Amino acid sequence: MTPQHASRIARIAYRIDAVLGVGACVILFGMMALTFVDVVARYLVNRSVPGSFEITEIMMAVLIFAGLPLVSRRGEHVTVDLIDHFVGAQGRRVHRAVVELVSGALLLGLGVLLWDKARQAAGYGDTTTVLEIRLAPFVYAMTAFVLLAGVVHLIRAFTPALLGEPRDEHTV
């Protein structure tokens, strides 16, 4: 891969990071605002926002899944260094590559299962109970986020520097 291609991929990764990060911020702010309005309405007029629990559930799910590619690209998953002290630098590189490969494969497998679940939700017309919000678009979005995170892990397994260096492995 030429340096130009690597630079272009890194720029695309940073743009995706920015979009996902801004999206996550907007969702988090929306959850915060909805909760605030719901609590204030309960205390002032003795009524809550209809369906606020459903909306919060959906927003929380999307927020968690949207954050997965961000955490994966930055290498900020929780890690435990049980064997790092017993192997050298080369052993740590091999270990990291194997972990990234396994993580990527598992996330891609989960993405396939989620895609099937999204198809089922679309086929059955699954909705939330109170507001009757269709669930399929959200499950498709979660599928896309999981598949993106899987691809990120596979890229990091073979070319870790392409997406930027992960956090220092000794940082807690």
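Just so it is clear, none of the values below were taken in a lab; they were calculated from the coordinates. Not measured: the values here are computed from a predicted model. Because the Cβ atoms are built from the backbone with ideal geometry, glycine has one as well, and the counts that use them run over all protein chains shown.
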* Structure fact -> Taking 0.36 nm per residue of separation between VAL22 and ALA122 and subtracting their Cα-Cα distance, the length gained on full extension comes to 33.3 nm
* Structure fact -> Helix 89-124 sits off the longest principal axis of the Cα atoms of the chain, rounded to the nearest 10 on a 0 to 90 degree scale, by 30 degrees
* Asked: Cα axis of helix 52-74 to longest principal axis of the chain: angle in degrees, 0 to 90, nearest 10?
  -> 10 degrees
* Taking 0.36 nm per residue of separation and subtracting the Cα-Cα distance, what length does fully extending ARG42 through VAL71 add? -> 6.8 nm
* Can you tell me which of 68-76, 102-110 comes out highest on packing, and rank the rest after it, using the mean Cβ neighbours within 10 Å? => 68-76, 102-110
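Order the peptides 89-95, 141-147, 54-60, 31-37 from the highest to the lowest mean number of other Cβ atoms within 10 Å of their residues. Spell out each step's value before the answer.
Working: 89-95: 11.3, 141-147: 20.1, 54-60: 16.3, 31-37: 12.9.
Those peptides, ordered most packed to least, come out 141-147, 54-60, 31-37, 89-95.
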* Along its principal axes, what span do the Cα atoms of the chain show, with the longest given first and each in whole Å? -> 63, 37, 35
* Folded to 0 to 90 degrees: helix 3-45 orientation relative to the chain principal axis, Cα -> 30 degrees
* To do: Pull out the extension gain between VAL130 and VAL94, defined as 0.36 nm times the separation in residues minus the alpha carbon to alpha carbon distance; nm, one decimal.
  => 7.9 nm
